[in-house]
1. Accessible area per residue for the range 9-146 in Å², computed with a 1.4 Å probe and the full protein assembly in place, what is it?
2. Could you tell me the distance between the Cα centroids of the range 138-173 and the range 270-293, to the nearest Å?
3. Which of Pro162, Pro129, Pro284 moves most in a GNM of the chain, Cα contacts under 10 Å?
4. Compute the acute angle (0 to 90°) between the alpha-carbon long axis of helix 179-192 and the principal axis of greatest extent of the alpha-carbon atoms of the chain; round to the nearest 10°.
5. What do you get for the angle between helix 199-220 and the principal long axis of the chain? Use alpha-carbon atoms, 0 to 90 degrees, nearest ten.
6. Per the helix-only calculation at 222 nm, which mean residue ellipticity applies to the chain, given -39500 (n - 2.57) for every DSSP H run of n ≥ 4 and division by its residues, nearest 500 deg cm²/dmol?
7. For Lys219, give me every one of the aspartates and glutamates with a C-alpha distance below 18 angstrom, ignoring sequence neighbours fewer than eight places off in its own chain.
8. Write down the accessible area per residue of the range 260-304 in Å², having rolled a 1.4 Å probe over the full set of protein chains.
Amino acid sequence: MNEIRVDAVYQASSERTIGRMCDIETALAAEPLTTTVGAFDVVLAFPKFEGQLPAPGYPGWSGDDSAPVALSPTYFTAHTVFSLDPGLDQPVVQAELKAAIAAIRFAAARLSDALRVEQPSVGMVGHIPQVLSLTVTDATRGLKLAVPEPLNPAYPMVVGLPALTVDAAMSALRNGVSPTRALLAQARYLTQSTNSPQPGTAILLAAVAAETYAKESLKSGRPAGSIPSLRSLQEKHGTALDLYGPIAKVVIGRSLEHDDPTLWSDLGALFSARNKMAHRLKTPTHPDASKLVVAAMRAMDWLG
């Protein structure tokens, strides 16, 4: 068996400017982090810190020069080592190398997300960090192997989304982007357009968007003084899903439950997943979240 090693170097922050770089505690500079992604053990590490400043890989820091409390790294590394049968066909070898690189990319995105949750100034959660270098080595034979992936691959292709209309453009210019549409767009990004999906966060955002949008739309379509009032309808029909069912039936004369039973069921699953995430931190799978975020978008379009 040949021992194969894949090494990558990632830019730690979206910005290289001091003051917009991420900060880590000094203990993390000497602590390799190991995680398992599929069949691969991935080791991630920030540059080694010898206790003296300035230090390679750390152009910025916080605290006293002799005892910094935080360091600002320019990069972090990730690598994995695995075995390959030398008799394997080239397409199989290429598939294994791609799987190893995907595992490293996944782990790097997770580490980057950990930084960005604490320090949003260095980038947004879900944005894959930039790769500075990527190498593949057959350690057994001492050979460099061709890398079967681009250094910074494009994000997944997304087609079929609505084109920007004149009305939407003018509305945004006059009033700003609708907060509910912005929430839904962020949810769609976190499930459809990033190499670091966030299904739990996406479900929360999409459910809030769908519920709030329904309340706003139904309220605007209900003349002042109408009986029953929207508030009394909500008190009678207490769930978020009811906004698209019996409440919509009274206000606009249509019910999603009647018009599109399948979408109605998916919307109910969205609100159920939201409750499980909010109350029990039960995170949905990425495919489920993707489907339910689209359901929120379709339901909002139906109501609009």
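1. On the way: 7080 Å² over 138 residues.
Each residue of the range 9-146 exposes 51 Å² on average to a 1.4 Å probe.
2. Distance between centres, Cα-based: 25 Å.
3. Pro162
4. Roughly 40 degrees, rounded to the nearest 10.
5. Its long axis makes an angle of about 20 degrees.
6. Details: 9 runs with 131 residues, N = 304.
One gets -14000 deg cm²/dmol as the mean residue ellipticity at 222 nm.
7. Answer for Lys219, where 18 Å is the Cα cut-off: Glu211, Glu235, Asp242, Asp301, listed by chain and number.
8. Numbers: 2330 Å² over 45 residues.
With all protein chains present, the range 260-304 gives 52 Å² per residue.
The values are calculated or read from the model by the stated rules, or taken from the named source; none is laboratory data. Because the structure is predicted, anything quoted here is derived from the model rather than measured. Heavy atoms of the whole protein, side chains included, go into the accessibility calculation; ligands, DNA and RNA do not. Shrake-Rupley method; radii C 1.70, N 1.55, O 1.52, S 1.80 Å.
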